[in-house]
Structures are given as structure tokens and as C-alpha cells.
Amino acid sequence: MSAPASPVSAHAASSGILLDRARVALSGRIILHDLTLHLTEARIGIVGRNGSGKTTLLRLIAGLIAPDAGRVRIDGLDPATDRKGMLAALGILFQNPDHQILFPTVEEELAFGLRQQGRTQQDALAAARAALAAEGRAHWGPAPTSALSQGQRHYLCLMTVLLMQPRTILLDEPFAGLDLPTQDRLSRRLAALPQRLVTISHDPAAVADADRVLWIDAGRITADGSPAVVLAAFRAEMARIGERDADTDLAG
Amino acid sequence: MLTLTSPVDTAAHRLPAGVKLAALSLWTLLLFQLASPLPLTLALFAVAGVHLGLGGAAFAAHGARMVRPLWPFVLIVSLWHGWTGDLAGGAVVILRMLAAVAAANLVTMTTRLSDMVAVIERLARPLARLGLSPRRLALALALVVRFIPVMLDRMDRITDAWRARSPRPARWRVLVPATLAALDDADHAADALRARGGAD
């Protein structure tokens, strides 16, 4: 079930997420081994253990790092170089909201992305306030981002991404650290979105409703297919490893 | 600027930031024209009156709390002028400082950071010819204000982690891990900035 080695023609791949023999090495160690993938489904899940390379894959798709070999295209654009073009193509929800929030107040955080998309400060602030009002959170506008709870900060990060209306949204462990009601609310919200969602998680439950699930291990695709098949195999393997002493190996 | 947020919403919140900053500049210039204790006392009363008029007693009390960090300067100036016997000169320096800082705090308390930053961006526009992008300058200011509480919180957690495993207080020992944590935070902030189109 591993990916084919032949290059995907640029033709067939003008939309969606395309990786063509993309390799990532960090300080000499190969993290992702020449991945070739074409993701066009609406709901895509990526599972793997800690250190499997799934976060590196997400950073590669988001254009936060460039491949050391091969190429990556998102809707036909190179995510690592065409940063302005990527704003409309792809948004990313980081695992830790504190790694995402750049501004001292809620409305500035929301407005920043819109300014980056070329709107004026006044226009961006007005749109930010309208979005907050539509969510019943108008009073959040001038609030300091540091005063929000963890769940509220997570929610703000999602709103920030949604306001920029990207065609694809990458979610890194979207439910980690959230209490159960917040998880429920967030998963309902995500399920209703028209965008393509790529969810990365170590938890098979987080991607059980996906159209397609990839299982990454040691920087390679171990399995790729429907969640029923891939997740059953993933769960069985995780249970098998858990029976043994799971974490004695050091990376590298 | 972090704790300088007003507990009450006032009419001054709706004035343009540029107007408030210009008024503050004029006010400070005026304070330096006044050279005797009596007019400066009146000026200080005027600042207090503006606080009261805008937001009532709670607002004025908040404003008074905001000038409290000046006490070491008041003490040093008092001691020096007490020593040299120039009491009127000392009173002039102290009153002028209090009236200027209270007025500056009033502007900060009633102005959103992004509005302040927009004024700085406008004023810094000529610097663009020297290669300094006003937008980058503004962004840098916002990042400082955003990350000071994050870093203080990080220091607290490192101190906790130290105390959980040591009978001695951590003190300066948190500095190295806190510096490394700050560098790590900077990497994450750079990622977040890049994810939303970068700083150009």
C-alpha cells in the first residue's frame, strides 16, 4: 500500500495537495522518505506515533519548510515560495494556540490575516468584529489574548484561519488539551466546514470520519486507504507495540 | 502597556490616537514652559480633573495607581533637592514628572495598541527610504507586547519546575532555561508569521 515511485504529472494535479518524491532531512537525518501523494478528498486524516514524521509532513505541506528533494504543490502553487498565494490556498491550525497567536488583543489577531491578504486596517478590523459578533463573541474584540482560556484561544486560532477563507485547512492534533465539551463543539464546527481538512493526530478517533487516512511511520507511508481498514490495522499495531516496552528506542 | 488597560470605557477611547498623541506632546511641551511649583500643581490637578471627568472616581483611582511606580524617582529627587536646599526646584521636577506621566498613561489607557501602532507606522513612513519598513516596525512592537506576558508565564513555570525538585529558590538559575525557551518561542512565532504570509 506504499506510494508509487513514479512522478505524478503536473496536469492531473493542479488542484489538491501534491507531493512528488518529496524528501525532508533535518541535520542529516531523513525525516520523510521521498513521499509521493496526491490528496484531493474533502476529509483527510494522517495518523502516526510521536516522532513518525507526521508533524514534519504537515509543515512541509504548509510550506513552513521546503523539501530537500522532490516538490510540493498545493492547488498548483509552491507552498514554500509563494507565501502570498498560499494565504488563499491553505490555512494551518497549530497544536498549541500559544504558538499561533501573534497579537496582544483578539481583534488584532483576527485582523492580521486579512491585512496580509491586502485589506486595509480599518476594513480588516471591521471584518474581525463582524466575525466575532456572528459567533456571539463581540465582547472578545478588545480582550487581551493572554486572558483567554486554553479552549478560547484554540477557538480564536480557528476563527483566525476561517476568516482568511483558505481552500484547505491543516489541523495539528486539533483536540489535544481540550476538555470534552470543547472537543465536541470543535468537532461539530469542523464537520460543517466546506473546506478540505487535513487532520493530523496520534489518536485514531480524531480521524475516524475521514474519507481517506494515511498512516505514517518512520517517515514513510505504512498504509493509505479508508479509515475502517487503515485505522483497524493502526490500532492493532499500536496495541501490539504497547504490549512490549514501547519507548526504549531513541530516535536516530 | 500591559497592565495599562482602563477598567472603564471613556469618551477618550473614541478619539483618534493621533489626536491624543499630539495633545500629549503639546501638554508635555507646556509642562516644560512652567517653571514654578504653583502652575505645575494646577497642571497636575488638571490631569486629575480630566481623569475624573472622563471616567469618574474608579478611573481616576486606577490612573493614580498607574503613577505609583514613580516613587523611587520622587524619593531620589526629594533627597537630592532636600540636600541642596532647593525645595522649589525639587517640587518643580516632581510635579512636572507626575503631570507628564499621568497624562501619558491616560493616553495609553484609552488607546488600543493597534491604533497607537498605526500612528507610529504613519510617522515612520519617511524611514522607508532608509530601508526600514514601517509595517515591520509596527509588527515588532505588537509582538513585544504580545510576548512579554508569555515569557513571564514561562519564567514562572520554569521556577515551579525548579522548586518542585529543589529546596533552594531558583532565582537567577531560571535565566538560562528562560532564554532558551524564549528562543524556542521566537521560532514558533516565526512559523506562525510565515503561515500567515510573513512580514514583508
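Going through the stretch B:45-73 one residue at a time, which ones are over 20 Å from residue B:20 (Cβ atoms) and either touching a Gly at 6+ places or on another chain (Cβ under 7 Å) or open to solvent by less than 40 Å² (accessible area, probe 1.4 Å) (or both)?
Passing the criteria: only B:70.
Here is a yes/no grid of residues against (1) part of a helix (DSSP H, G or I); (2) within 15 Å of residue A:165 (Cα to Cα); (3) more than 10 Å from chain B (Cβ to nearest Cβ):
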| site | (1), (2), (3) |
| --- | --- |
| A:33 | no, no, yes |
| A:38 | no, no, yes |
| A:41 | no, no, yes |
| A:61 | yes, no, yes |
| A:110 | yes, yes, yes |
| A:125 | yes, no, no |
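Take the residues in the stretch B:129-156 that are within 11 Å of chain A (Cβ to nearest Cβ) and over 18 Å from the mean Cα position of the chain (by Cα); name whichever of them is nearest to residue B:18 (Cα to Cα).
B:135
Listed here are the residues, each with its yes/no results for (1) within 22 Å of residue A:93 (Cα to Cα); (2) in a helix (DSSP H, G or I); (3) more than 9 Å from every other protein chain (Cβ to nearest Cβ); (4) open to solvent by 50 Å² or more (accessible area, probe 1.4 Å).
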| position | (1), (2), (3), (4) |
| --- | --- |
| B:120 | no, yes, yes, yes |
| B:127 | no, yes, yes, yes |
| B:161 | no, yes, yes, no |
| B:173 | no, yes, yes, yes |
| B:177 | no, yes, yes, yes |
| B:191 | yes, yes, no, no |
| B:198 | yes, no, no, no |
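Here is a list: A:166, A:181, A:142. Which entry is more than 14 Å from every other protein chain (Cβ to nearest Cβ) and either under 27 Å from residue B:111 (Cβ atoms) or not charged (D, E, K, R) (or both)? Outline the logic, then answer.
Numbers: A:166 fails: more than 14 Å from every other protein chain (Cβ to nearest Cβ); A:142 fails: more than 14 Å from every other protein chain (Cβ to nearest Cβ).
Among A:166, A:181, A:142, only A:181 is more than 14 Å from every other protein chain (Cβ to nearest Cβ) and either under 27 Å from residue B:111 (Cβ atoms) or not charged (D, E, K, R) (or both).
Could you say which residue among B:24, B:15 is under 17 Å from the mean Cα position of the chain (by Cα), surrounded by fewer than 19 Cβ atoms within 10 Å (Cβ to Cβ) and under 21 Å from residue B:141 (Cβ atoms)?
On the way: B:15 fails: under 17 Å from the mean Cα position of the chain (by Cα).
Sole residue among the options that is under 17 Å from the mean Cα position of the chain (by Cα), surrounded by fewer than 19 Cβ atoms within 10 Å (Cβ to Cβ) and under 21 Å from residue B:141 (Cβ atoms): B:24.
Report, by residue number, each residue of the stretch B:129-159 that is closer than 26 Å to residue B:108 by Cα, part of a helix (DSSP H, G or I) and without any contact (Cβ under 8 Å) to a residue 24 or more places away in the chain.
B:134, B:137, B:138, B:140, B:144, B:146, B:152, B:153 - these are the residues of the stretch B:129-159 that are closer than 26 Å to residue B:108 by Cα, part of a helix (DSSP H, G or I) and without any contact (Cβ under 8 Å) to a residue 24 or more places away in the chain.
Answer with yes or no whether residue B:96 is of a type in the set (Lys, Arg), touching a residue at least 24 places away in the same chain (Cβ under 8 Å) and part of a helix (DSSP H, G or I).
On the way: of a type in the set (Lys, Arg): yes; touching a residue at least 24 places away in the same chain (Cβ under 8 Å): yes; part of a helix (DSSP H, G or I): yes.
So residue B:96 passes the test.
Restricting attention to the stretch A:109-129, which residues are farther than 24 Å from residue A:85 by Cβ and either of a type outside the set (A, V, I, L, M, F, W, C) or open to solvent by 60 Å² or more (accessible area, probe 1.4 Å) (or both)? Quick ask: steps written out before the conclusion?
Here is the first cut: in the stretch A:109-129, the ones farther than 24 Å from residue A:85 by Cβ are A:122, A:125-126, A:129.
Of everything in the stretch A:109-129, those that are farther than 24 Å from residue A:85 by Cβ and either of a type outside the set (A, V, I, L, M, F, W, C) or open to solvent by 60 Å² or more (accessible area, probe 1.4 Å) (or both) turn out to be A:122, A:129.
The values are calculated or read from the model by the stated rules, or taken from the named source; none is laboratory data. Being a predicted model, the structure only gives us computed values, none of them experimental. Please note: Cβ atoms are built from the backbone with ideal geometry, for glycine as well, and neighbour counts cover all protein chains shown. Just the protein is used for accessible areas: all its heavy atoms, side chains included, with ligands, DNA and RNA removed. Shrake-Rupley method; radii C 1.70, N 1.55, O 1.52, S 1.80 Å.
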